[in-house]
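A.B. asks: Here's a structure for you.
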Amino acid sequence: LYNHFIPDKCKNFSLDQHHALSRTESALSFEDIRADVTCLMFLYVDILFNRNIGVHLLDIGAWVGDVAIRLARFAKSRTARFHAECFDPSYAGTLIPFNIELNKVTDEVVYRPLGVSLTGGPQIFSQVRGYSDGSRLQSIDNNQPDAENYLVRTVTLSECLPRPDEHTHLIVKIDVEGIDADLVRQNHDLLADATLIVEFAPEQEQYRKD
């Protein structure tokens, strides 16, 4: 779907290249996962499943939903409790509902065509031409010369968080191209018991704040 239906001007590399970079295949056995250090997330959720703890994943900046969908398929193979919400208003994000259906995880994964911001409400979203995973809220960076801008609905992270459940562990994956650390700062207390997976780019302004 990504290769054939997302315009070339809006993507930087194919799914084949993406999977090659992550050194994984489209279908994974547990033995494959143990052998690949890039799949530690699978090992982590497996520890939770072994303790009869379910997982609720918030995938913020989900791209085409590949992380949530692969974890959902893994959870189904373990008959474990798993639920994921994928937030991504980009062109690539529009493929998530189709990928969910193709992978038969409609009960485990839902798509939220929303951005997550510090203030919520409608905001301008910039889709960088030729770089599908280089899209972001214009309030983060309005100096992108080759971008298509359009209005999206956004919510705050606190609005996304599920109610605490002693039988379910919350994992929050954040990749929002520029305000990852700011979202964590703003919701530090609410995220105290969650596992965070955050893109780290030390050259960005957000990581130079006190």
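A.B. asks: Using 0.36 nm per residue, how much length does the chain from residue 94 to residue 160 gain when fully extended, once their Cα-Cα distance is taken away?
C.D. replies: That pair, residue 94 and residue 160, stretches by 21.8 nm at full extension.
A.B. asks: Enumerate the amide H contacts of residue 115 below 5 Å, restricted to partners 5 or more residues apart or on another chain; note that Pro and chain-start residues carry no placed amide H.
C.D. replies: Result for residue 115 returns 153, 154, 155.
A.B. asks: Where does each of 90, 77 land when they are ordered by accessible area, with a 1.4 Å probe and the largest first?
C.D. replies: Ranked list, largest accessible area first: 77, 90.
A.B. asks: Under a Cβ-Cβ cut-off of 14 Å, what is the net charge of the residues other than residue 107 that fall near it, where Lys and Arg count +1 and Asp and Glu count -1?
C.D. replies: Net of charged neighbours comes to +1.
A.B. asks: Further question: Leaving out ligands, DNA and RNA but keeping every protein chain, what accessible area does residue 98 have, in Å² rounded to the nearest 10, with a 1.4 Å probe?
C.D. replies: 110 Å²
A.B. asks: Further, regarding this structure: Show me, for segment 77-94, the HN-Hα J-couplings you get by feeding each phi into the Karplus relation (A = 6.51, B = -1.76, C = 1.60, θ = phi - 60°), rounded to Hz, glycine and proline as x.
C.D. replies: Rounded to whole hertz, the list is 5, 9, 6, 9, 7, 8, 9, 9, 10, 9, 9, 5, x, 7, 4, 4, x, 5.
A.B. asks: While we're on this one: Can you check what the net charge comes to around residue 80, using other residues whose Cβ is under 15 Å from the Cβ of residue 80 (Lys, Arg +1; Asp, Glu -1)?
C.D. replies: Net of charged neighbours comes to +2.
A.B. asks: Something else now. Can you tell me the order of 40-50, 174-184 when each peptide is scored by its average per-residue count of other Cβ atoms within 10 angstrom, highest first?
C.D. replies: 174-184, 40-50
A.B. asks: For residue 169, what residues show an amide H to amide H distance below 5 Å, using hydrogens built from the backbone and excluding near sequence neighbours?
C.D. replies: Here the answer is 54, 55, 56, since their amide H atoms fall under 5 Å of that of residue 169.
A.B. asks: Continuing with the same structure: Identify the trypsin sites (Lys or Arg not before Pro) of segment 52-91 meeting these criteria: DSSP loop state and at most 15 other C-beta atoms within 10 Å of the C-beta.
C.D. replies: Passing both the DSSP loop test and the Cβ count: 78.
The values are calculated or read from the model by the stated rules, or taken from the named source; none is laboratory data. Note that the structure is a prediction, hence the values are computed from the model and not measured. Cβ: placed from backbone, ideal geometry, glycine included. Neighbour counts: every protein chain shown. The accessibility values were calculated without ligands, DNA or RNA, using every heavy atom of the protein model including side chains. Shrake-Rupley method; radii C 1.70, N 1.55, O 1.52, S 1.80 Å.
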